[in-house]
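J.: Handing you a structure now.
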Amino acid sequence: MIANLKGIYETVEYRDNNYIQLYDNTDVEAYPRHWHTCIEIIMPMKGSYTLEYDGTNVCLQEDDILFICPGALHSIEACEGMRYIFQAEMSSVTQLSAVESFLTLYYPGIVITPESFPETHGQIRRLMLDIADEYHNEPELYEASIYAKLMEMIVLIRRTAADTSRVIGASGSKQKEYLDKFMDVCSYINEHCTEDLSLDAVAARAGFSRYHFSRLFKQFANVSFYKYLNQKRIENAERLLINPEVSVTEVSLSSGFTSLSSFIRMFKQIKGCTPSEYRTMYNL
């Protein structure tokens with residue numbers, strides 16, 4: 001069950017005040033549409049598991065693994081069986097460019113199956129089982145070990161993703177060039193999202209026409225340039241809203257929005273609640 005749900009925002013209850021949680025979940029219970037700030041990994045051990053994340057429907061079979069990125073809306077149908085549900089806060093590691101690029105490239109999530117990752121599915125599955133073993137037995141430095149295994153999973157996925165060819169419509173050295181260029185573009189947006197960024201300026205910086213850039217960016221990030229920009233601005237706003245002494249108007253201006261009304265509208269569109277409601281939920 002979801003212990004703390006306010007609207008569609010889940011406050012995850014971590015064990016022993018750390019930032020990881022793992023459930024050996026056997027509940028035949030539906031989980032309503034919700035989101036949280038942590039990454040979530042689901043791996044059925046017995047039976048299938050049907051769910052939806054950010055508008056994508058998927059039926060996980062035994063040993064399939066789903067990564068759900070922080071902030072992605074998702075819901076789960078009531079299913080019999082047993083599955084691991086692992087949650088971990090990523091704020092302490094998202095400063096690593098590899099982690100940031102992973103969350104950018106695969107938002108809202110990615111499914112790991114024996115078919116889509118024939119070379120590394122077994123390794124990723126083994127790491128998930130190792131995480132469960134560390135979590136249940138709590139050896140010395142088990143939390144650090146779990147994060148190390150999570151990082152290893154991310155590296156394996158990033159290096160061997162079978163579907164990278166869909167990200168940018170090119171092949172060979174040209175695809176590698178485009179991937180590197182758009183990773184750089186996303187890093188630039190992440191760093192300057194609170195500034196007055198325009199599609200034309202960022203496209204010119206990348207060396208593309210407006211039209212060509214828009215098409216390639218949508219292929220790369222799976223969202224339009226402006227949706228991606230607004231997502232990053234809202235992520236910045238979330239961090240500022242934690243401080244109750246900063247007004248919502250100040251948060252709006254500091255996050256790159258030109259008006260309070262547009263900020264509130266975009267925040268509710270992406271997070272399903274107003275900035276004030278989010279602040280209340282976070283500070284419960």
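J.: Go through region 110-126 and give me each residue that's under 29 Å from ASN17 (Cβ atoms) and buried (at least 20 other Cβ atoms within 10 Å of the Cβ).
T.: ILE124
J.: Shifting gears a bit: I need every pair where a residue in region 191-205 that is within 12 Å of TYR226 (Cα to Cα) and touching a residue at least 60 places away in the same chain (Cβ under 8 Å) has its Cβ under 6 Å from the Cβ of a residue that is basic (Lys, Arg) and surrounded by 13 or more Cβ atoms within 10 Å (Cβ to Cβ), sequence separation at least 6 or different chains.
T.: Going by the 6 Å Cβ cut-off, the qualifying pairs are CYS193/LYS232; CYS193/ARG233.
J.: Could you tell me whether TYR107 is part of a loop (DSSP other than H, G, I, E, B) and among the hydroxyl-bearing types (Ser, Thr, Tyr)? I'd like the intermediate steps shown before the answer.
T.: Numbers: part of a loop (DSSP other than H, G, I, E, B): yes; among the hydroxyl-bearing types (Ser, Thr, Tyr): yes.
For TYR107, the condition - part of a loop (DSSP other than H, G, I, E, B) and among the hydroxyl-bearing types (Ser, Thr, Tyr) - is met.
J.: If you scan region 73-94, which residues turn out to be assigned to a loop (DSSP other than H, G, I, E, B) and either surrounded by fewer than 19 Cβ atoms within 10 Å (Cβ to Cβ) or not assigned by TED's automatic domain parsing to the domain that holds ASN17 (or both)? Walk me through it before giving the result.
T.: Keep residues of region 73-94 that are assigned to a loop (DSSP other than H, G, I, E, B), which gives 73, 77-81, 90-94.
Matches in region 73-94: LEU73, GLU77, ALA78, GLU80, GLY81, SER91, SER92, VAL93, THR94.
J.: Another question about this same structure. Looking for something in the same structural domain as LEU179 (by TED's automatic domain parsing), surrounded by fewer than 20 Cβ atoms within 10 Å (Cβ to Cβ), in contact (Cβ under 8 Å) with a residue 24 or more places away in the chain and over 19 Å from ASP54 (Cβ atoms) - is there at least one such residue anywhere in region 260-270?
T.: The answer is no; no qualifying residue exists.
J.: Hey, another quick one. Of all the residues that make up region 159-208, how many are more than 24 Å from the chain's Cα centre (by Cα) and either acidic (Asp, Glu) or modelled with pLDDT of 85 or more (or both)?
T.: Looking only at that region, the number is 11.
J.: So, one more: Tell me the residue from TYR31, TYR49 that is over 19 Å from GLN231 (Cα atoms) and touching a Leu at 6+ places or on another chain (Cβ under 7 Å), please. I'd like the intermediate steps shown before the answer.
T.: Values: TYR31 fails: touching a Leu at 6+ places or on another chain (Cβ under 7 Å).
Unique residue meeting the criteria: TYR49.
J.: Would you tally the residues in region 15-32 being surrounded by fewer than 17 Cβ atoms within 10 Å (Cβ to Cβ) and without any contact (Cβ under 8 Å) to a residue 60 or more places away in the chain?
T.: Looking only at that region, the number is 9.
J.: Only strands (runs of 3 or more DSSP E) wholly contained in region 1-66 count here; list those with 1 or more residues that are of a type in the set (A, V, I, L, M, F, W, C) and under 30 Å from THR280 (Cβ atoms). First the steps, then the outcome.
T.: On the way: elements: 20-25, 31-34, 38-46, 49-53, 56-60.
Filter on region 1-66 gives 20-25, 38-46, 49-53.
The values are calculated or read from the model by the stated rules, or taken from the named source; none is laboratory data. For clarity, every value in this text was computed on a predicted model and none was experimentally measured. FYI the Cβ positions are ideal-geometry reconstructions off the backbone, even for glycines, and counts take in every protein chain you see.
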